[in-house]
Amino acid sequence: MSSTPPSPDRPRPLRTAAVIPAAGRGIRLGPGAPKALRVLGGTPMLIHAIRAMAASRAVSLVVVVAPPDGAPEVKHLLDEHALPERTDYLVVPGGDTRQESVGLGLDALPEDVSVVLVHDAARPLVPVDTVDAVVEAVRNGAPAVVPALPLADTVKEVEPAAVAGEPEPVLSTPVRARLRAVQTPQGFDRDTLVRAHAEVALDGEGATDDAGMVERLGKPVVVVPGHEEAFKVTRPLDLVLAEAVLARRRANDGF
């Protein structure tokens, strides 16, 4: 691995790494193991997510950000499962928030990484074509890229009720054609993402969307088409759907 610093005559090589924050507990899936370690088709979701990133030939390194006290367990988990040999893997302890964990993942990147993907461990089934599309858009000059889907439902902005379950007054109805549901992996020029994490202050539970942090810098963010199978496994019904998608893939493609 080269450590030669970039220069006008020797630009930083276009090596791509993926950071997967996997330190959350996944409360909405109920008690038990952290969400990323829940089993999907007999394999932890985290392993599916790592394989999804490593399936892209553009990704040469996957950094997994583990629970603060769970790095040894996650390292053991990676050793137990077959992962693409052309990709390097690194496990680092995370922080108390997603923003802190992504920042720690960025700190662990080698100097020769210039493109960074940030991917939710709870999106285990993102297709490789989506990963490649994000990487390509960053390599073509976009400082930040997000995969996203048009919304099927009309969205209402409301005034949140003081008590859960009470009626909530509608404030406005955004134009649906202008709205997108954002997925991951989100892709970034490394310097842009590092600057966002350095300059956007941690507030409360921190940012849950790295592209939003880049927006706050005034940098442009672009959208590429997402995929319906890149949904986030958050609730028990999502896990049922993910099992069905995985079963179909295995039947059709031997995945």
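Using only the heavy atoms of the protein chains and a 1.4 Å probe, how would R176, R51, R15 rank by accessible area, largest first? If you can, show how the numbers build up before the last one.
On the way: R176 105, R51 75, R15 40 Å².
Sorted by accessible area, descending: R176, R51, R15.
Where the only charges are on Cβ atoms (+1 Lys, Arg; -1 Asp, Glu), what is the dipole of the chain about its Cα centre, to the nearest 20 debye? Intermediate results must be reported in sequence, preceding the final value.
Details: 27 positive and 34 negative charges, 114 e Å.
The dipole of the chain has a size of about 540 debye.
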Counting only protein heavy atoms and leaving out ligands, DNA and RNA, the solvent-accessible surface of H81 at a 1.4 Å probe, in Å² to the nearest 10, equals 50 Å²
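Order these peptides, 149-155, 187-193, 133-139, by their mean beta-carbon neighbour count within 10 angstrom, highest first. Spell out each step's value before the answer.
Values: 149-155: 11.6, 187-193: 23.3, 133-139: 20.7.
Per-residue mean Cβ counts within 10 Å order the peptides as 187-193, 133-139, 149-155.
Quick one: ranking R249, R178 by accessible area, 1.4 Å probe, largest first, what do you get? Mind showing how you got there, number by number?
Values: R249 30, R178 200 Å².
Listed by decreasing accessible area, they come as R178, R249.
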Run through the DSSP bridge list for the chain and note the antiparallel percent, rounded to the nearest 5.
40 percent
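Provide V158, V233 ordered by accessible surface of protein heavy atoms (probe 1.4 Å), highest first. Let's see the in-between values first.
Details: V158 50, V233 0 Å².
My answer, sorted largest first, is V158, V233.
Leaving out ligands, DNA and RNA, what percent of the accessible area of the range 101-255 is carbon and sulfur, probe 1.4 Å? If you can, show how the numbers build up before the last one.
On the way: 4280 of 8260 Å².
Accessible surface attributable to carbon and sulfur in the range 101-255 totals 52 percent.
Report for the range 43-194 the percent antiparallel among DSSP-assigned beta bridges with both residues inside it, nearest 5.
Working: 11 of 17 bridges.
Looking only at bridges with both residues in the range 43-194, the antiparallel portion is about 65 percent.
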I'd like the antiparallel share, as a percent to the nearest 5, of DSSP beta bridges with both residues in the range 116-234.
70 percent
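Send over a whole-number figure in Å² for the accessible area per residue of the chain, probe 1.4 Å.
Per-residue accessible area for the chain comes out at 52 Å².
Number of Lys pairs in the chain with C-alpha atoms less than 25 angstrom apart, excluding same-chain neighbours closer than eight positions?
Details: K35/K75; K35/K232; K75/K232; K156/K232.
Close lysine pairs under the 25 Å cut-off: 4.
The values are calculated or read from the model by the stated rules, or taken from the named source; none is laboratory data. Small disclaimer: the values here were computed from a predicted structure and weren't measured. Counting neighbours? That spans all protein chains shown, and the Cβs are built from the backbone with ideal geometry, glycine included. Just the protein is used for accessible areas: all its heavy atoms, side chains included, with ligands, DNA and RNA removed. Shrake-Rupley method; radii C 1.70, N 1.55, O 1.52, S 1.80 Å.
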